[in-house]
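I am attaching a structure below and will ask some questions about it afterwards.
The values are calculated or read from the model by the stated rules, or taken from the named source; none is laboratory data. Since this is a predicted model, take the numbers as computed values, not measurements. Here the Cβ is made from the backbone with ideal geometry for all residues, glycine too, and neighbour counts use every protein chain on show. Keep in mind that these areas ignore ligands, DNA and RNA; they rest on the heavy atoms of the full protein, side chains included. Shrake-Rupley method; radii C 1.70, N 1.55, O 1.52, S 1.80 Å.
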Amino acid sequence: HGAIPQYWAHPSQDNYAHLLRYLVGPVLGRPTPAPEPPRAYPSAGFYHPRAPGLFTSLEAYATWAAEAVPDDRRVTPRVTVGVTVSMASYLQKNLAHVDAIIAAIERRGHHAIPLAYRGAPDASLFMRDGTPRVDVIIQTG
């Protein structure tokens, strides 16, 4: 049952649901819809509640963010705030606190760059060409 460790290695709601289907079907021999294969997730990625998923680079996030803001709402941000959140919170969809922080930052005319990470957050991910792209980082856990 080689898939079991793969589901467990990337703990997300989706992987847990498919792990249960895997256990009920092939392992217990009961009829159930076929599980999807385990989904692997990166060790870090840039997140935004309105984005379709994680971005694996700051450049990809910046491109999406520039296109996601309507023309009539585009302003030069006063402050750019990096917001870190654990990958476990992202995978478990436990993000209400992070989404509230992002919304508060954006409501005040600032720019938020949220980073989901596994292990210790890597501040160098907030840099481009050796230059920091954030003015401050808020660690949410």
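Any idea how many residues of the stretch 101-141 are over 30 Å from P38 (Cβ atoms), of a type in the set (A, V, I, L, M, F, W, C) and open to solvent by 60 Å² or more (accessible area, probe 1.4 Å)?
Count: 4.
Would you mind finding the one in Y16, Y22, Y7, Y90 that is aromatic (F, W, Y) and within 30 Å of G130 (Cα to Cα)?
Values: Y16 fails: within 30 Å of G130 (Cα to Cα); Y22 fails: within 30 Å of G130 (Cα to Cα); Y7 fails: within 30 Å of G130 (Cα to Cα).
Residue meeting the stated conditions: Y90.
Is there any pair with a first residue in the stretch 116-141 that is free of Cβ contacts under 8 Å to residues at least 40 places away in the same chain and a second that is open to solvent by 60 Å² or more (accessible area, probe 1.4 Å) and of a type outside the set (D, E, K, R) whose Cβ atoms are under 6 Å apart and which are 6 or more apart or on different chains, and what are they?
none
Then there is this: For residues that are part of a loop (DSSP other than H, G, I, E, B) and at pLDDT 95 or above, tally how many sit in the stretch 39-48. Lay out the reasoning, then the answer.
Narrowing the stretch 39-48 to residues part of a loop (DSSP other than H, G, I, E, B): 39-43, 47-48.
Add one more test, that the residue is at pLDDT 95 or above, and what stays is 47-48.
Looking only at that region, the number is 2.
What's the total number of residues in the stretch 77-90 that are surrounded by fewer than 21 Cβ atoms within 10 Å (Cβ to Cβ) and under 10 Å from the mean Cα position of the chain (by Cα)? Spell out the reasoning first.
Here is the first cut: in the stretch 77-90, the residues surrounded by fewer than 21 Cβ atoms within 10 Å (Cβ to Cβ) are 77-80, 86, 88-89.
Now drop any that are not under 10 Å from the mean Cα position of the chain (by Cα), which leaves 86, 88-89.
The number of residues fulfilling the criteria is 3.
Does G82 qualify as being in contact with a helix residue (DSSP H, G or I) (Cβ under 7 Å, 6 or more places away or on another chain), closer than 30 Å to G130 by Cα and either modelled with pLDDT of 85 or more or not in a loop (DSSP other than H, G, I, E, B) (or both)? Please lay out each step first, then the result.
Numbers: in contact with a helix residue (DSSP H, G or I) (Cβ under 7 Å, 6 or more places away or on another chain): yes; closer than 30 Å to G130 by Cα: yes; either modelled with pLDDT of 85 or more or not in a loop (DSSP other than H, G, I, E, B) (or both): yes.
Criteria met by G82.
Specify which of the listed residues (E67, E36) is assigned to a loop (DSSP other than H, G, I, E, B), over 18 Å from G119 (Cα atoms) and open to solvent by 50 Å² or more (accessible area, probe 1.4 Å). Walk me through it before giving the result.
Working: E67 fails: assigned to a loop (DSSP other than H, G, I, E, B).
After ruling out the rest, the residue left standing is E36.
This table checks each residue for (1) hydrophobic (A, V, I, L, M, F, W, C); (2) farther than 30 Å from A123 by Cβ.
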residue: P5; (1), (2): no, yes
residue: W8; (1), (2): yes, no
residue: T32; (1), (2): no, yes
residue: G45; (1), (2): no, no
residue: F55; (1), (2): yes, no
residue: E67; (1), (2): no, no
residue: V81; (1), (2): yes, no
residue: N94; (1), (2): no, no
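Of the numbered conditions (1) out of contact with any Phe, Trp or Tyr (no Cβ under 9 Å at 6 or more places or on another chain); (2) closer than 30 Å to H97 by Cβ; (3) exposed (fewer than 12 other Cβ atoms within 10 Å of the Cβ), P52 satisfies every one except a single condition; which is it?
Every condition holds for P52 apart from (1).
Another question, then. Applying the selection to the stretch 1-16, what residues are in a helix (DSSP H, G or I), surrounded by 13 or more Cβ atoms within 10 Å (Cβ to Cβ) and either touching a residue at least 12 places away in the same chain (Cβ under 8 Å) or among the β-branched types (V, I, T) (or both)? Quick ask: steps written out before the conclusion?
Quick first cut of the stretch 1-16, residues in a helix (DSSP H, G or I) only: 3-9, 13-16.
Still in the list and also surrounded by 13 or more Cβ atoms within 10 Å (Cβ to Cβ): 3-4, 6-7, 14-16.
Selection gives A3, I4, Q6, Y7, D14, N15.
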